[in-house]
Amino acid sequence: MYCVVVGDIVNSRNLDQETREQVSRAAKDAFARINTEYISSLMTTFGMVRGDSFEGVLLTQAHAPKIILDIIKAIYRVNGTTVRVSAVMGQLTVTGNDRNDTDGPAFHKAIDDLAMMKERKSTHWLQVSFDTNSLAQPLVDSQLNLLAALTEDWTDKQRKIVWAAEAHGGQQKAIGKLLGISPSVVSKQLKAARYDLYRRAWEALTAYLVNMDEFFRKDRSVVEESYVPYYNMARRKYGQRNFQDALVLLQRSLALAKSDLSQDDPLLIPIYNMLAEVYNYIGQYADAETMLQEAIRLQETLPKARIQYADTLATKAQLYYIRGNFHEAKKYADEALSVACDVLDNGHPYFGKLYNLLAMTFEGLNQPENALPFYEKALQLSRDSTDQNRF
């Protein structure tokens, strides 16, 4: 099953021209960050469709709560503009990298759920539905209802403090310094907003979604015979640095994907990329090289100005760096940077990864004077990113 996410801007027709332009820029920036950070978990990138609507398709539902909150926050920061978001786990009859060409029951259900949300005419900043296509759906609904109830009466001050707490791990001194208020005020407002209960509710929902594929493997073996759940479980094992288990799951995912799709389908690219990373970590560099060759082969006929292509090149650069071939590492890192410059706006956080990679290759080439400026650029991007997402 795939995770389809669709949404729209509430009362978009009533927005003045300046606000509409600001919302458009905020959405574009948010989608660019999401499409970069979660590139290996996306079937299609996130973007605007049909005027003031947006959508994207995830290979793993585990990241959906974080992605949905990121979108909501980015747009709400523009004069309190709200969005509705519907996420559905289900089947697709037409798959591909282009969100406009993707279709199937999951999309239809997501759009229907979004229409039902519109009928409520709510002004709440947190309007989310999530259909898991599982027996646990009543519990998921209850969790989202709890989150809506907890946040319904938040003041603007409480919202800013809670969002700052989410961005800074609940460190009250740091939050107080950031917002120019005392830690005691932060503590009082977090308590009034019932922040701990709100945080635990989101964490519980996320935990269920992260582990959902494990439940499917045990209880729904027929449905499980698809490449997506194996890929999702592999990502989880990879995040836990359990590379051997991740490798087994990825190999199974690749075999099923070739059967479900074809050996030349671009949807195989994230699997090849992750296999290369896993092989890197366990020291099987020849296998990593083979996986990257396949990822590059699948992208030969695709536009080069794509962040996914830049990421493949960056992974190849990392492979050469690990193997001590710093000249080749720099070559591919330069190519990745060139592609990223064609795709992303200046100051995008993704450049931090490439700057660090280039800095390390210069160090490997015994050129510390060339490495230092890239380290400084990466550090500045990190600071800018923190400033942009503080509230």
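The values are calculated or read from the model by the stated rules, or taken from the named source; none is laboratory data. Only a predicted model underlies this, so the values are computations on that prediction, with no experimental measurement involved. Virtual Cβ from ideal backbone geometry, glycine too; neighbours counted across all protein chains shown.
Output yes when any residue across the range 368-378 is surrounded by fewer than 18 Cβ atoms within 10 Å (Cβ to Cβ), small (Gly, Ala, Ser) and out of contact with any His (no Cβ under 9 Å at 6 or more places or on another chain), and no when none is. Scanning the range 368-378, I find no residue that is surrounded by fewer than 18 Cβ atoms within 10 Å (Cβ to Cβ), small (Gly, Ala, Ser) and out of contact with any His (no Cβ under 9 Å at 6 or more places or on another chain), so the answer is no. Select from the range 149-174 the residues that are among the aliphatic types (A, V, I, L, M) and under 20 Å from residue 76 (Cα atoms) and write down the one among them that is surrounded by the fewest Cβ atoms within 10 Å (Cβ to Cβ). Checked the range 149-174; the qualifying residue surrounded by the fewest Cβ atoms within 10 Å (Cβ to Cβ) is 149. Set side by side, the residues 139, 146 differ, and just one is surrounded by fewer than 15 Cβ atoms within 10 Å (Cβ to Cβ) and outside the structural domain of residue 44 (by TED's automatic domain parsing), which is 139. Among residues of the range 43-60 that are crowded, with 16+ Cβ neighbours inside 10 Å and assigned to a strand (DSSP E or B), those with a beta-carbon under 6 Å from a residue that is of a type in the set (D, E, K, R) and modelled with pLDDT of 85 or more at least six positions away or on a different chain give the pairs 53/8. For first residues located in the range 332-352 and without any contact (Cβ under 8 Å) to a residue 60 or more places away in the chain and closer than 12 Å to residue 307 by Cβ, partners that are surrounded by 16 or more Cβ atoms within 10 Å (Cβ to Cβ) and acidic (Asp, Glu) and lie 6+ apart or on another chain with Cβ distances below 8 Å form the pairs 336/311. Somewhere in the range 108-128, is a residue more than 26 Å from residue 228 (Cβ to Cβ), acidic (Asp, Glu) and part of a helix (DSSP H, G or I)? Within the range 108-128, one or more residues are more than 26 Å from residue 228 (Cβ to Cβ), acidic (Asp, Glu) and part of a helix (DSSP H, G or I).
Per the listing 39, 75, 71, the residue uniquely within 30 Å of residue 268 (Cβ to Cβ), modelled with pLDDT of 90 or more and in contact with a helix residue (DSSP H, G or I) (Cβ under 6 Å, 6 or more places away or on another chain) is 71.
Scanning the range 292-313 for residues that are part of a helix (DSSP H, G or I) and over 23 Å from the mean Cα position of the chain (by Cα) gives 293, 294, 297.
Checking the range 302-317 against the condition returns a match, with at least one residue being hydroxyl-bearing (Ser, Thr, Tyr) and without any contact (Cβ under 8 Å) to a residue 40 or more places away in the chain. So which residues in the range 261-289 are in a helix (DSSP H, G or I) and loosely packed, with under 15 Cβ neighbours inside 10 Å, if there are any at all? Within the range 261-289, just 286 meets the criteria.
A single member of 306, 297 is more than 29 Å from residue 133 (Cβ to Cβ) and at pLDDT below 85, and it is 306.
Look at residue 130 and say whether it is touching a strand residue (DSSP E or B) at 6+ places or on another chain (Cβ under 7 Å), aromatic (Phe, Trp, Tyr) and at pLDDT 90 or above.
In short, yes.
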